[in-house]
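The values are calculated or read from the model by the stated rules, or taken from the named source; none is laboratory data. Note that the structure is predicted; figures quoted are calculated from it, not measured. Here the Cβ positions follow ideal geometry from the backbone for every residue, glycine too, while neighbour counts run over all protein chains shown. Surface accessibility is based on the protein's heavy atoms, side chains included, excluding ligands, DNA and RNA. Shrake-Rupley method; radii C 1.70, N 1.55, O 1.52, S 1.80 Å.
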Amino acid sequence: MKRRTAILISGRGSNMAALIEAAKAADFPAEIAVVISNRADAPGLEKAAASGIPTVVIASKPFGKDRAGFEAVLQKALDDNQVELICLGGFMRLFTADFARHWYGRMLNIHPSLLPCFPGLDPHGQALRAGVKLSGATVHFVIPETDAGPIVMQGAVTVADDDTPETLAARVIGIEHRIYPEALRLLASGRLKLEGDICRTQGSAATDSTLIAPAP
Ligand code: GAR
């Protein structure tokens, strides 16, 4: 049985689209049951609907700081759709610790940096200001702290001296679209094992690829 998965978005939804595309494969272990947005104007909603995925809007603005009130409505939508797993795809709203704990081990997020470096806003600007030569993207389990939690998968890109936040973002998003579906595949097929704060992957082969930047 495919694991019923919700994708939560606030905007463009390009990671959402990558997950929807991957989940079309007959042997993919998760199905996208619903896309939920906290903004009615999220462009990703139209993309989801065009793919035939049910969409739900739960506007978060009227809830203001009442996070628990918002989450009660969100949880009902998840229950109504028999959701087992959640993927956050640019979902720009913080959760209460209670909600994060309730979904611990069943909720993934993607962030465009090699966590634990550069969590929060403007990760590409942070990376450029730090002068790192490699950056990338991370899929991790969600915990109460923002952009933190056991790391499931990472992908790296080189950073060039003339990169801007925009050019770096354009390179990293390509990595995001590759690793998020693979991370969901691992979770949905039961191959991820949490050992304390560490996520291990059963049956994964070691890779020997090396990235060095700048080229000597
Ligand atoms: C993605 O780059 C994602 O990694 C980032 O928001 C973007 C959403 O784009 N998420 C975060 O920064 C989480 N802290 P998308 O709507 O096209 O998937």
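Observations on the structure shown:
- Looking across region 1-30, the residues that are touching a residue at least 12 places away in the same chain (Cβ under 8 Å), part of a loop (DSSP other than H, G, I, E, B) and not aromatic (Phe, Trp, Tyr) come down to LYS2, SER10, GLY11, ARG12, GLY13, ALA23, PRO29.
- Filter pass, PRO119 being within 28 Å of GLY105 (Cα to Cα) and either open to solvent by less than 30 Å² (accessible area, probe 1.4 Å) or among the polar types (S, T, N, Q) (or both): no
- Once region 42-66 is narrowed to residues that are within 15 Å of the ligand (Cβ to nearest atom) and either part of a loop (DSSP other than H, G, I, E, B) or more than 21 Å from the chain's Cα centre (by Cα) (or both), the residue that is surrounded by the fewest Cβ atoms within 10 Å (Cβ to Cβ) is PRO43.
- Selection within region 11-38: residues that are closer than 17 Å to VAL56 by Cα and out of contact with any helix residue (DSSP H, G or I) (no Cβ under 8 Å at 6 or more places or on another chain). The member of this set that is surrounded by the fewest Cβ atoms within 10 Å (Cβ to Cβ) is GLU31.
- Criterion violated by LEU211 - all others in (1) within 17 Å of LEU134 (Cβ to Cβ); (2) open to solvent by 60 Å² or more (accessible area, probe 1.4 Å); (3) without any contact (Cβ under 8 Å) to a residue 40 or more places away in the chain; (4) not charged (D, E, K, R) satisfied: (3)
- Criterion (without any contact (Cβ under 8 Å) to a residue 40 or more places away in the chain and either under 24 Å from GLU166 (Cα atoms) or not β-branched (Val, Ile, Thr) (or both)) met by exactly one of ALA130, ALA77: ALA130
- Boolean, ALA6 is within 26 Å of ASP197 (Cα to Cα), within 16 Å of the ligand (Cβ to nearest atom) and among the small types (Gly, Ala, Ser): yes
- Some residue of region 168-175 being surrounded by fewer than 19 Cβ atoms within 10 Å (Cβ to Cβ) and touching a helix residue (DSSP H, G or I) at 6+ places or on another chain (Cβ under 8 Å): yes
- Any hit, region 76-85, residues being buried (at least 19 other Cβ atoms within 10 Å of the Cβ) and within 14 Å of the chain's Cα centre (by Cα): yes
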